[in-house]
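S.K.: What follows is a single structure, and I will ask about it in a moment.
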Amino acid sequence: MAAMKNCHNDYKMKFSADEEFPDLSQHNNHMAKVLTKEIYAKLRSKSTPSGFTLDDVIQTGVDNPGHPFIMTVGCVAGDEESYEVFKDLLDPIISDRHGGYKPTDKHKTDLNFENLKGGDDLDPNYVLSSRVRTGRSIKGFTLPPHNSRGERRGIEKLSIEALSSLDGEFKGKYYPLNGMSDAEQEQLIADHFLFDKPVSPLLTCAGMARDWPDGRGIWHNDNKTFLVWVNEEDHLRVISMQKGGNMKEVFRRFCVGLQKIEEIFKKHNHGFMWNEHLGYILTCPSNLGTGLRGGVHVKLAKLSTHPKFEEILTRLRLQKRGTGGVDTASVGGVFDISNADRLGSSEVEQVQLVVDGVKLMVEMEKKLEKGESIDGMIPAQK
Amino acid sequence: MASSFSRILSSKRNVGILSLVGGSVAAGFLLHREQVTAGEPLRRRYPASAEYPDLRKHNNCMASNLTPAIYAKLCDKTTPNGYTLDQAIQTGVDNPGHPFIKTVGMVAGDEESYEVFADLLDPVIKERHNGYDPNTMKHPTDLDSSKLHSGNFDERYVLSSRVRTGRSIRGLSLPPACTRAERREVERVVVDALAGLKGDLAGRYYSLTQMTEKEQQQLIDDHFLFDKPVSPLLTCAGMARDWPDARGIWHNNEKTFLIWVNEEDHTRVISMEKGGNMKRVFERFCKGLKEVERLIQERGWEFMWNERLGYVLTCPSNLGTGLRAGVHVKLPLLAKDSRFSKILDNLRLQKRGTGGVDTAAVGGVFDISNLDRLGQSEVQLVQTVVDGVNYLIECEKRLEKGQDIKSGPA
């Protein structure tokens with residue numbers, strides 16, 4: 001494939017680095033904390049073979065100064081090579097975001113569901129639903145911030161081919177966003193499967209909503225327990241979910257389904273983007289490694305008001321969200337609890353933390369309901 | 001000035017100045033379409049047919065005119081600054097439009113876009129501007145405000161009068177494509193020039209990044225402050241990048257002459273007053289514009305202009321004069337008359353709510369302004385507004401007395 005030049009970037013080189021350096025004085029995101037004038041000057045003339053440049057990487061972080069309390073990443077990759085070409089910027093960001101992960105560290109991938117201990121006995125009176133999601137990028141295509149309509153359609157076509165060859169518990173159907181009937185749309189909304197055009201400026205400023213809804217769609221199995229989003233924030237988002245607390249089963253299905261899909265893509269000479277340093281390559285540096293978020297919707301009305309709740313979560317390496325997902329509030333004492341880590345530990349290890357941690361927190365909740373203290377149960381830092 | 005700008009742009013400026021000095025023949029030569037060389041062609045991975053956008057649900061001028069053949073012809077081209085067709089049409093692909101409102105659906109990234117992508121822009125311009133053909137027609141520019149007559153409205157009806165336009169600085173890319181350095185240079189050039197304004201035009205600049213809370217509140221109260229664009233028509237075209245870097249507002253001490261820097265265009269120039277003295281508003285508008293032009297020329301810069309397209313702005317809808325002259329006028333009875341829209345059409349006027357484009361009228365007060373931008377001069381368009389608004393007020397008075405009205409002046 002011939003290298004595609006970013007003509008606009010060559011033009012930009014006529015201006016000095018100082019003249020082009022963004023004003024980050026109001027900013028609080030990982031990119032703004034790491035990007036110095038020196039790094040900017042060093043990397044600004046570079047471009048990946050497909051033409052993605054430093055300014056493309058950082059635009060979302062320049063446009064979204066961030067929040068005083070929440071630290072966003074502030075940059076994206078446009079293709080697999082971004083993580084190499086812009087190493088000098090991305091390595092320190094990855095280190096900040098992923099607990100000190102070093103450029104020499106190796107990431108372990110483990111999708112062997114049999115290595116998970118327990119997870120089939122979370123109390124369904126408290127754990128309402130269980131879910132594991134990850135993302136996958138298809139080698140040979142550029143990522144959502146950068147890809148052209150032709151590429152996005154190519155990704156969709158390949159994904160449909162791969163997914164429609166699945167059978168057994170994975171047999172299912174693809175619903176392209178452009179062209180689904182009203183009835184289909186209603187059903188997907190009722191099932192909580194339908195994804196919308198991104199409205200978050202974190203995504204739109206990175207160019208991920210271009211040409212919507214061209215090339216986007218949702219695939220799910222007939223049982224509605226395994227779901228794939230095509231061309232949203234990543235090439236593929238893969239989700240396994242079901243009501244109740246059987247995370248073991250959810251994780252089994254997740255691993256089996258993922259591996260089946262991966263085999264099919266490999267046969268078409270388009271395996272998933274992966275390397276032994278960064279694990280699975282995704283658009284946002286926060287999703288490197290496993291790209292995995294395993295979580296439950298769990299009733300923790302009493303525990304959530306306990307003064308040590310946040311500390312317990314931190315020690316268990318878990319995070320809370322509202323039941324609408326990221327950036328939402330909890331409703332009726334029900335929280336979305338999931339793993340905080342992505343890079344530097346394996347899929348099995350991360351889901352194990354969720355399983356063990358949620359089990360403990362449900363026991364704490366029960367104690368608090370009885371009016372008993374949980375001081376003796378506070379865990380050590382995992 | 002030792003910045004990289006004086007080096008890279010001096011050649012462009014010399015070309016521009018030659019066109020002023022050399023008279024119409026030289027200008028004609030320099031601005032002849034084939035003289036604009038495109039930039040390096042794009043190398044693409046997929047053929048044009050695989051990249052052609054899906055425009056089946058679209059209703060905008062770009063979608064109506066972009067055939068697969070035109071797409072194939074233009075998709076590999078770039079302007080000398082590296083702007084591409086895909087970038088120009090992105091806003092129209094992302095915003096299918098509305099069944100009743102036809103948006104333009106594309107923008108220019110630089111002056112050369114209008115040449116390099118002429119095969120698409122010419123039909124779009126023709127459609128948007130009532131058949132104006134940039135290949136064969138010339139646009140008249142006339143900023144001689146003394147030619148305007150009857151420009152004083154009955155202030156029992158007209159609450160305020162306003163004229164706005166835009167101006168682009170030649171040699172610098174437009175808001176959809178400009179780099180941070182270019183945008184900052186636009187700000188520097190304009191603010192530097194505005195500092196030279198005197199008398200009733202003397203004023204000061206408020207940078208969006210540096211204004212105090214107090215200044216901000218005052219600008220809001222004066223209805224001068226502009227916000228980061230939220231309309232996807234603008235954000236999908238990349239105009240809100242790096243906000244609020246190098247954006248700001250300049251206004252004169254009397255608060256009757258106002259310039260927005262780096263919003264949807266390099267500059268938006270506004271003259272306004274309470275009441276119905278459109279003549280004075282237009283006089284200040286012309287005087288201010290000419291002064292600003294003189295001041296930037298002193299420093300070696302000029303506005304983007306050519307005789308086919310008039311003043312060159314980001315959106316093709318604003319070519320020509322880029323001028324919208326309007327009033328806030330009370331027409332409660334006429335508003336309820338079923339002939340109101342037809343009357344406006346005949347007068348070549350449009351109505352908007354008093355919040356501006358895409359707002360509703362409140363209390364029978366309308367924003368009435370000219371429909372056209374290209375193919376008629378500033379004087380002609382403001383005269384159209386003056387004559388039209390006078391006629392509307394006449395209609396309203398007749399309706400007040402229970403008399404009938406005609407849907408057009410005799």
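The values are calculated or read from the model by the stated rules, or taken from the named source; none is laboratory data. Because the structure is a prediction, the values reported are computed rather than measured. We place every Cβ from the backbone using ideal geometry, glycine too, and count neighbours over all the protein chains shown.
S.K.: So which of A:33, A:14 ends up being of a type outside the set (Ser, Thr, Tyr), within 14 Å of another protein chain (Cβ to nearest Cβ) and surrounded by fewer than 18 Cβ atoms within 10 Å (Cβ to Cβ)?
M.R.: Values: A:33 fails: within 14 Å of another protein chain (Cβ to nearest Cβ).
None of the others qualify; the one that does is A:14.
S.K.: Output the number of the condition that residue A:210 fails; it satisfies all remaining conditions of (1) touching a residue at least 24 places away in the same chain (Cβ under 8 Å); (2) within 14 Å of chain B (Cβ to nearest Cβ); (3) under 21 Å from residue A:137 (Cα atoms); (4) in contact with a helix residue (DSSP H, G or I) (Cβ under 7 Å, 6 or more places away or on another chain).
M.R.: (1)
S.K.: Ok, one more. Residue by residue through the range A:326-344, note down the ones that are more than 15 Å from the chain's Cα centre (by Cα) and polar (S, T, N, Q).
M.R.: Selection gives A:328, A:330.
S.K.: In this structure, does residue A:38 turn out to be more than 13 Å from chain B (Cβ to nearest Cβ), in a helix (DSSP H, G or I), of a type in the set (Asp, Glu) and free of Cβ contacts under 8 Å to residues at least 24 places away in the same chain? Spell out how you get there, then give the answer.
M.R.: On the way: more than 13 Å from chain B (Cβ to nearest Cβ): yes; in a helix (DSSP H, G or I): yes; of a type in the set (Asp, Glu): yes; free of Cβ contacts under 8 Å to residues at least 24 places away in the same chain: yes.
Yes.
S.K.: Looking at A:74, A:135, A:61, which one is out of contact with any Pro (no Cβ under 8 Å at 6 or more places or on another chain), surrounded by 18 or more Cβ atoms within 10 Å (Cβ to Cβ) and part of a strand (DSSP E or B)? Don't jump to the end; show me each part of the working.
M.R.: Numbers: A:74 fails: part of a strand (DSSP E or B); A:61 fails: part of a strand (DSSP E or B).
Of A:74, A:135, A:61, the one residue that is out of contact with any Pro (no Cβ under 8 Å at 6 or more places or on another chain), surrounded by 18 or more Cβ atoms within 10 Å (Cβ to Cβ) and part of a strand (DSSP E or B) is A:135.
S.K.: Can you tell me which residue in the range B:177-209 is farthest from the other protein chains (Cβ to nearest Cβ), limited to those that are in a loop (DSSP other than H, G, I, E, B) and under 16 Å from residue B:260 (Cβ atoms)?
M.R.: Step one: filter the range B:177-209 for residues in a loop (DSSP other than H, G, I, E, B), giving B:177-179, B:195-198, B:202, B:208-209.
Add one more test, that the residue is under 16 Å from residue B:260 (Cβ atoms), and what stays is B:178, B:197, B:208-209.
Numbers: B:178: 10, B:197: 27, B:208: 11, B:209: 7 Å.
Looking at the filtered set, the residue picked out is B:197.
S.K.: Here is a further query. Run residue A:63 past the list (1) more than 18 Å from residue A:40 (Cα to Cα); (2) in contact (Cβ under 8 Å) with a residue 60 or more places away in the chain and report the number of the one that doesn't hold.
M.R.: Condition (1) is where residue A:63 drops out.
S.K.: Just to be sure before I move on: is residue B:73 within 29 Å of residue B:172 (Cα to Cα), free of Cβ contacts under 8 Å to residues at least 24 places away in the same chain and not hydrophobic (A, V, I, L, M, F, W, C) in the structure I sent?
M.R.: Working: within 29 Å of residue B:172 (Cα to Cα): yes; free of Cβ contacts under 8 Å to residues at least 24 places away in the same chain: no; not hydrophobic (A, V, I, L, M, F, W, C): yes.
No: the conditions fail for residue B:73.
S.K.: In this structure, is residue A:52 touching a Gly at 6+ places or on another chain (Cβ under 8 Å), more than 11 Å from chain B (Cβ to nearest Cβ) and buried (at least 20 other Cβ atoms within 10 Å of the Cβ)? Let's see the steps before the verdict.
M.R.: Values: touching a Gly at 6+ places or on another chain (Cβ under 8 Å): yes; more than 11 Å from chain B (Cβ to nearest Cβ): yes; buried (at least 20 other Cβ atoms within 10 Å of the Cβ): yes.
Judged against the criteria, residue A:52 is a match.
S.K.: I would also like to ask the following. Residue check, residue A:88 against (1) closer than 20 Å to residue B:242 by Cβ; (2) modelled with pLDDT of 95 or more, all met but one. Which one?
M.R.: If we test residue A:88 against (1) closer than 20 Å to residue B:242 by Cβ; (2) modelled with pLDDT of 95 or more, just (1) comes out false.
S.K.: Of all residues in the range B:93-137 being charged (D, E, K, R) and under 21 Å from residue B:232 (Cβ atoms), which is farthest from the other protein chains (Cβ to nearest Cβ)?
M.R.: So the residue we want is B:128.
S.K.: Are any residues in the range A:321-358 within 19 Å of residue A:71 (Cβ to Cβ), modelled with pLDDT of 95 or more and not in a loop (DSSP other than H, G, I, E, B), and if so, which ones?
M.R.: The answer is A:338, A:339.
S.K.: Here is a follow-up. Considering each residue of the range A:235-275, count those that are under 20 Å from residue A:355 (Cα atoms) and basic (Lys, Arg), and give that number.
M.R.: Number of matching residues: 4.
S.K.: Has the range A:121-131 got at least one residue that is within 26 Å of residue A:206 (Cβ to Cβ), outside any helix (DSSP H, G or I) and of a type outside the set (Val, Ile, Thr)?
M.R.: Checked against the condition, which is being within 26 Å of residue A:206 (Cβ to Cβ), outside any helix (DSSP H, G or I) and of a type outside the set (Val, Ile, Thr), the range A:121-131 yields at least one hit.
S.K.: Also: Using the structure shown, decide if residue B:85 is in contact (Cβ under 8 Å) with a residue 12 or more places away in the chain and under 15 Å from residue B:315 (Cα atoms). Explain how you work it out, then say what you get.
M.R.: On the way: in contact (Cβ under 8 Å) with a residue 12 or more places away in the chain: yes; under 15 Å from residue B:315 (Cα atoms): yes.
Considered against the rule, which asks whether it is in contact (Cβ under 8 Å) with a residue 12 or more places away in the chain and under 15 Å from residue B:315 (Cα atoms), residue B:85 comes out as yes.
S.K.: So residue B:56 passes all but one of these: (1) without any contact (Cβ under 8 Å) to a residue 60 or more places away in the chain; (2) within 11 Å of chain A (Cβ to nearest Cβ); (3) in contact with a helix residue (DSSP H, G or I) (Cβ under 8 Å, 6 or more places away or on another chain). Which condition number does it fail?
M.R.: Failing condition for residue B:56: (3).
S.K.: For residues that are of a type in the set (Gly, Ala, Ser) and outside any helix (DSSP H, G or I), scanning just the range A:258-288, find the one that is modelled with the lowest pLDDT. I'd like the intermediate steps shown before the answer.
M.R.: Step one: list which residues in the range A:258-288 are of a type in the set (Gly, Ala, Ser), which gives A:271, A:279, A:286.
Within this subset, residues satisfying the condition of being outside any helix (DSSP H, G or I) are A:271, A:279.
Working: A:271: 94, A:279: 97.
In this case the residue turns out to be A:271.
S.K.: Give the residue, chosen from A:78, A:66, A:74, that is of a type outside the set (D, E, K, R), modelled with pLDDT of 95 or more and touching a strand residue (DSSP E or B) at 6+ places or on another chain (Cβ under 7 Å). Outline the logic, then answer.
M.R.: Numbers: A:78 fails: touching a strand residue (DSSP E or B) at 6+ places or on another chain (Cβ under 7 Å); A:66 fails: modelled with pLDDT of 95 or more.
Selected residue: A:74, the only one of A:78, A:66, A:74 that is of a type outside the set (D, E, K, R), modelled with pLDDT of 95 or more and touching a strand residue (DSSP E or B) at 6+ places or on another chain (Cβ under 7 Å).
S.K.: Suppose we filter the range A:77-107 for residues that are exposed (fewer than 15 other Cβ atoms within 10 Å of the Cβ), assigned to a loop (DSSP other than H, G, I, E, B) and not polar (S, T, N, Q); how many remain? Even if it seems obvious, please write down each step before you answer.
M.R.: Filtering the range A:77-107 down to residues exposed (fewer than 15 other Cβ atoms within 10 Å of the Cβ) leaves A:84, A:87, A:99-100, A:102-104, A:106.
After this cut, where a residue has to be assigned to a loop (DSSP other than H, G, I, E, B) as well, the list is A:99-100, A:102-104, A:106.
Still in the list and also not polar (S, T, N, Q): A:99-100, A:102-103, A:106.
Residues that pass the stated criteria total 5.
S.K.: Just wondering, is there one or more residues in the range A:217-225 that are outside any loop (DSSP other than H, G, I, E, B) and touching a Pro at 6+ places or on another chain (Cβ under 7 Å)?
M.R.: From the range A:217-225, those outside any loop (DSSP other than H, G, I, E, B) are A:217-221; that's our starting set.
From what's left, touching a Pro at 6+ places or on another chain (Cβ under 7 Å): A:217.
Yes, the range A:217-225 contains a residue that is outside any loop (DSSP other than H, G, I, E, B) and touching a Pro at 6+ places or on another chain (Cβ under 7 Å).
S.K.: In the range B:78-92, what count of residues is obtained for those that are touching a strand residue (DSSP E or B) at 6+ places or on another chain (Cβ under 7 Å) and either assigned to a helix (DSSP H, G or I) or facing chain A (nearest Cβ under 7 Å) (or both)?
M.R.: 2
S.K.: Continuing with this model, one more query. Condition first: within 27 Å of residue A:102 (Cβ to Cβ) and touching a residue at least 60 places away in the same chain (Cβ under 8 Å). Can you find one or more residues in the range A:260-271 that meet it? It would help to see each step written out before you state the result.
M.R.: As a first pass, look at the range A:260-271 and keep what is within 27 Å of residue A:102 (Cβ to Cβ): A:271.
Checking the rest, the ones that are also touching a residue at least 60 places away in the same chain (Cβ under 8 Å) come to A:271.
Yes, that holds for at least one residue.
S.K.: If a residue counts only when it is within 14 Å of chain A (Cβ to nearest Cβ), which helices (runs of 4 or more DSSP H) contained entirely in the range B:211-309 have at least 2 such residues?
M.R.: Values: elements: B:213-221, B:232-235, B:278-298.
In the range B:211-309, B:232-235 are the helices (runs of 4 or more DSSP H) which contain 2 or more residues that are within 14 Å of chain A (Cβ to nearest Cβ).
S.K.: Working carefully through the options A:189, A:155, find the one that is surrounded by fewer than 19 Cβ atoms within 10 Å (Cβ to Cβ) and β-branched (Val, Ile, Thr).
M.R.: Working: A:155 fails: surrounded by fewer than 19 Cβ atoms within 10 Å (Cβ to Cβ).
Only one candidate passes the filter, namely A:189.
S.K.: Let me ask you something else. If you go through the range B:126-163 one residue at a time, how many are more than 22 Å from residue B:310 (Cβ to Cβ), assigned to a loop (DSSP other than H, G, I, E, B) and of a type outside the set (Gly, Ala, Ser)?
M.R.: 6
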